[in-house]
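Data block below; observations after.
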Amino acid sequence: MKIPATKYPVERFTLDNGLRVVLTPDRSAPVVGVAVVYDVGIRSEPQGRTGFAHLFEHLMFQGSENLEKLAHFRHVQGAGGSFNGSTHLDYTDYFEVLPAGALERALFLEADRMRGPRLTEENLRNQVDVVKEEIRVNVLNRPYGGFPWLKLPPVMFETFPNAHDGYGSFTDLESATVDDAAEFFRKYYASGNATLAVAGDFDVATATKLIEHHFGDVPARPKPQLPDFAEPGPSAERRESYVDRLAPLPAVASAWRVPDPIADFTDYLPYVVLAEVLTDGDASRLVERLVQRDRIATTIGGYIGFMGDEYQVRNPTALLLQAHLPPGGDTDKVLRVVDEELDRLATGGLTAGELARTQARMATHLLRDTDAVLGRALPMAVLELQRGRPELLNELPKLVGEVTEAQIVAAAATLRPERRATVEVVPGVNQ
Amino acid sequence: MSNRSLPDLVPDSKIRLPKQAERTLSSGLTVIAIRRPAVPLVELRLRVPFGRAPLARATLLSQALFTGTATMSSIDIAAELQAVGGGLSAGLDPDTLLVTGNSLAGGLDRMLEILAGVLTDPAYPADEVATERERLVDHIQVAQSQPAHVARTALLKRMYGRHPYAVQTPEPEQVRGVRPAQLRALHADRVRPDGSVLVLVGDINVEKAIDTAEKALGGWIGAGRDGNLPATPPLEPGPLLLVDRPGAVQSSLRMALPAVPRTDPDYAALQLANMVFGGYFSSRWVENIREDKGYTYGPHTAIEHFLAGSALVVAAEVATEVTGPAMLETLYELGRIASLPPGEEELEQARRYALGTLRLGMSTQAGLAGLASIYASFGLRLDYLTEHSAALSSATREQVAEVAAQYLAPSRAVSVVLGDAEKVEGQLAALTPVERGAA
């Protein structure tokens, strides 16, 4: 089946203060998505301040130059919109989706906090408490919390930026100061270190004027140099395990380093497709073998990037496989069978139609995501930030469709046990 | 410091419903097709009435629906769907078996043919059913270790007593006892077109899409069964039920309050009252217990609709040491919304949020498909969006105050807390009678 494509128009320009702007109009629904992305994430936070990038994201909602605490939320929701933000390894995003008539309000709100958040001791302490509850609900009070995104990086990586816990230790979070926050803002939240993307129902000329009006006088500051977080991959198999006292069943995740997602995109893309060949649906190789045939796993999934953001992550990153096992399941056996299947793929190649059907399904997923205005604004803002290529979003279904069997086979051949880092969850319920 | 003022909103245009068509086939299946050509895909939702179906069998059936037909294995089904960029899966709620899927727009015919095979000629092969049975048992076991699931289970029991809604997840032992022949029998008895609704949304010609569905699903026949459930019983407030989870670092706080269905004249006002109280971020309760007190991360409330009744559910995960104080603020905010009329400005803010959310919800293929499908199961169509917008726009402060007094009064709440009982029982008992119990 021929893989279709989208043709969302893309307009780009840069303001005098360095803010890079992407406009992608589409008038099929009366809504707009606004995304501002800053080029700083978990990997840039200082030692002794684990979790700070995420804590700072919370502080960006606590009021700004012309806005009291609570005002941001009320102005977005009182316009009929929704907001959020999220902190990733390499970037932090802030976004709104609103009825089209609220575009200018969203631009005002984003520009106001780009000029500067209101950093107060009271707001900081309040948000430290909120973040601790976030960590409790997502990690400490539930089974498999932080598995594998917080548990595998310290096994795979050596250096602090790549290996540390991005949610942060309670000690580090409690040690954070208003001065830390002011310095973090000064260093990383310069307009020249950010991109703005607007998607949806608007007129380009009007939106351009509004953006110049609201963001044009955000004072420029020097942008930080892009750090290089490269480190060598594992030269021998690495493996660790931990007891999860809330988990009833075993689980295991392995990761292998992959080529640089940006500098070596052509070599990288086959790994993205390979993860789907291995694990997308009941007809994929690993699901068929481990779940259906051998019944040694209850589920198995594969993806790239510890936060599943394969087109929005920088080097170094990894292809991950994660499996949940039945009671008494044998993780060694799961890993052995994975190796066997990878060997079989590397030596025997693909079956007829296997690649084409995987590519067709990947196209559906890609296209489906872009149907929502934020599914265009957010990735385009990040693609602009990291690659200067927001239009890549339109091209991905086709590029995925051009990956060849030879590339998949070559990628599979690199997923050797000696390049693997593995973390295993030992169930601790009733123990 | 600059002094800038908040830009005005450009008033919303009138809600425009997308092009759509509907046909009820001779089998009793209703097909609704909706055009949104923004991306070259099609979304599919099929709702089959499943009320009164035996829980363990129905749950396993939903997990095993795509395990094979007379002519296709589970792998054939998955591979052939993938080939058109497609995927189908099934789930169960107490009223409905729901099939969800999507594919490239050009793959609609094939996706419907495969679905037809699954609906009319299912095999439930013993091996595949055994695999799905074990997976379901494992899945339930993991769910039972998750606080949100345990708290929900306890709340449902407390809310619904002897009504079938009281238990929505089967026990592992019950699932282990289900045989493939029982799935075949249940399928023959209940997976029937009469009363079912198929929704297709996407880059389609609506009339042609219905023709395609009629052709593909022509062989799916059979009269519907009476799956109607008795109306849910009124909530019976009583002591707070405390379920022990030793060592828990958070308590899961849950409350249920009465609510009305979407078509009730009070519904728009109740929705607004809920929002002012706790139904969105800029509500009193969230601003209080999160942004002021820092007790919690993601507190939320929602009106849940099932065919036999509606309820308003309040949920927050709070730190163990502030479980009592968090309950205190929750009771306070419920008491406040039930006793005093909302402010004009906070009501307008909630109203605009409710109206905006309707527009955002219909701005994607998947959003439209979800809305059209859920509305259809309650006998409503997409024009409900227009009617409900009008009701939200016209609800007065007095009406909101009146329904808040009636439905949001804390004295009417059924309350459950899952947490470290030794640490939180005293805190909670200071505020309200507490009884310990099992999930």
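Quick note: the coordinates plus some simple rules give every number you see, no bench work behind them. All of these numbers come straight from a predicted model, not from anything done at the bench. Virtual Cβ from ideal backbone geometry, glycine too; neighbours counted across all protein chains shown.
The H on the amide N of B:Ile204, modeled in the peptide plane, is under 5 Å from the matching H of B:Arg36, each at least 5 residues off or on a different chain. Segment B:242-288 and segment A:252-300 have their alpha-carbon centroids 40 Å apart. Residue order for A:Glu57, A:Glu402, fewest other beta carbons within 10 angstrom first, comes to A:Glu402, A:Glu57. Angle, helix B:55-64 long axis vs. longest principal axis of chain B, Cα atoms, 0 to 90°, nearest 10? In chain B, helix B:55-64 runs at an angle near 60 degrees to the longest axis.
Which of rounded, prolate, oblate describes segment B:281-419, given a ≥ b ≥ c as roots of the alpha-carbon gyration tensor eigenvalues and a/c under 1.5 marking rounded, otherwise prolate only if a/b is larger than b/c? Cα axes put segment B:281-419 in the prolate bin. Rounded to whole Å, the principal axis extents of the Cα atoms in segment A:119-186 read 36, 28, 16, largest first.
Summarising the label geometry, the points placed 7 Å from Cα in the beta-carbon direction at B:Gln141 and A:Tyr242 lie 2.3 nm from one another. Relative to the dominant Cα principal axis of chain B, helix B:108-120 is inclined by about 90°. Histogrammed with a bin width of 10 Å, the alpha carbon distances of segment A:81-164 distribute as 13, 29, 34, 20, 3 percent, first bin at zero. Using Cα-only point scatterers and the Debye equation, what is log10 of I(q)/I(0) for segment A:285-334 at each q in 0.16, 0.28, 0.31, 0.33 Å⁻¹, rounded to two decimals? Calculated log10 I(q)/I(0) at the listed q: -0.53, -0.96, -1.09, -1.19. Using a simple spin-label model with pseudo-atoms 7 Å out from Cα toward Cβ, A:Asp260 and A:Glu121 lie 4.6 nm apart. In this structure, the amide hydrogen of A:Ser169, modeled 1.01 Å from its nitrogen in the peptide plane, lies closer than 5 angstrom to those of A:Thr50, counting only residues at least 5 positions away or on a different chain. Centre-to-centre, using Cα atoms only, segment B:327-362 and segment A:98-140 are separated by 21 Å.
Among the residues of A:244-250, the average count of other protein chain beta-carbon atoms within 10 Å of the residue beta-carbon is 3.
Here the calculated FRET efficiency for A:Arg293 and A:Asp217, from their Cβ-Cβ distance with R0 = 51 Å, stands at 0.20, rounded to the nearest 0.05. Per-residue ellipticity at 222 nm, computed for the protein assembly as shown from helices alone with -39500 (n - 2.57) per DSSP H run of at least four residues, works out to -12000 deg cm²/dmol. Here the mean projected area of the convex hull built on the C-alpha positions of segment B:91-207 is 9.8 nm². In this structure, A:Glu68 and B:Lys423 have a Cβ-Cβ separation that, at R0 = 35 Å, corresponds to a calculated FRET efficiency of about 0.45. Cα-based values for segment A:315-355, radius of gyration first and Dmax second, are 13.5, 37 Å.
The relative contact order of chain A comes to 24 percent, based on Cα pairs under 8 Å that sit 6 or more residues apart.
How large is ³J(HN,Hα) for each residue in segment A:387-397, as worked out from phi by the Karplus curve 6.51 cos²θ - 1.76 cosθ + 1.60 (θ = phi - 60°), to whole Hz, x for Gly and Pro? The phi angles translate into 10, x, 9, x, 5, 4, 4, 5, 8, 4, x Hz. A simple charge model with +1 on the Cβ of Lys and Arg, -1 on the Cβ of Asp and Glu and nothing else charged puts the dipole of segment A:329-412 at about 300 debye relative to its Cα centre. For segment A:82-175, GluC sites (Glu not before Pro) meeting the loop criterion (DSSP other than H, G, I, E, B) and having at most 14 other Cβ atoms within 10 Å: A:Glu158. With the gyration tensor restricted to C-alpha atoms of the protein assembly as shown, the semi-axes of the equivalent ellipsoid amount to 37, 36, 30 Å, longest first. How would you classify segment A:276-431 from its alpha-carbon gyration tensor, with a ≥ b ≥ c the square roots of the eigenvalues: rounded for a/c under 1.5, else prolate if a/b is greater than b/c, otherwise oblate? It comes out prolate by the Cα gyration axes.
Normalised by the number of residues in segment B:248-391, the mean separation of alpha-carbon contacts (under 8 Å, six or more apart) gives a relative contact order of 25 percent.
Between A:Thr177 and A:Arg387, the simple spin-label model (points 7 angstrom out along Cα→Cβ) gives 4.2 nm. In loop segments of segment B:113-183 as defined by DSSP, the trypsin sites (Lys or Arg not before Pro) with at most 16 further C-beta atoms inside 10 Å of their C-beta are B:Arg162. Scaled against 2.2 N^0.38 Å for its residue count N, the alpha carbon radius of gyration of chain B is 1.06. Roughly what percent of Cα-Cα pairs across chain A reach past 32 Å? Roughly 41 percent, rounded to a whole number. For B:Asp226 and A:Asn84, what is the calculated FRET efficiency with R₀ set at 56 Å and r taken between the beta-carbons, to the nearest 0.05? Efficiency at R0 = 56 Å is approximately 0.80.
Across segment B:23-127, Cα-Cα pairs farther apart than 24 Å form 26% of the total. Sequence-ordered 3J(HN,Hα) estimates for segment B:199-211 from the Karplus curve with 6.51, -1.76 and 1.60 and θ = phi - 60° stand at 10, 10, 9, x, 7, 9, 8, 5, 5, 5, 5, 5, 4 Hz, glycine and proline given as x.
The calculated Kirkwood hydrodynamic radius for segment B:341-439 is 17.3 Å, given to one decimal from all distinct C-alpha pairs.
Near B:Tyr124, the amide H atoms lying under 5 Å from its own belong to B:Gly68; only residues 5 or more places off or on other chains count, and H is placed 1.01 Å from N. Short-range pairs are left out: with C-alpha atoms under 8 Å and at least six residues apart, the relative contact order of chain B is 22 percent. Could you tell me the distance between the Cα centroids of segment B:52-70 and segment B:102-152, to the nearest Å? Segment B:52-70 and segment B:102-152 have Cα centres spaced 8 Å from each other.
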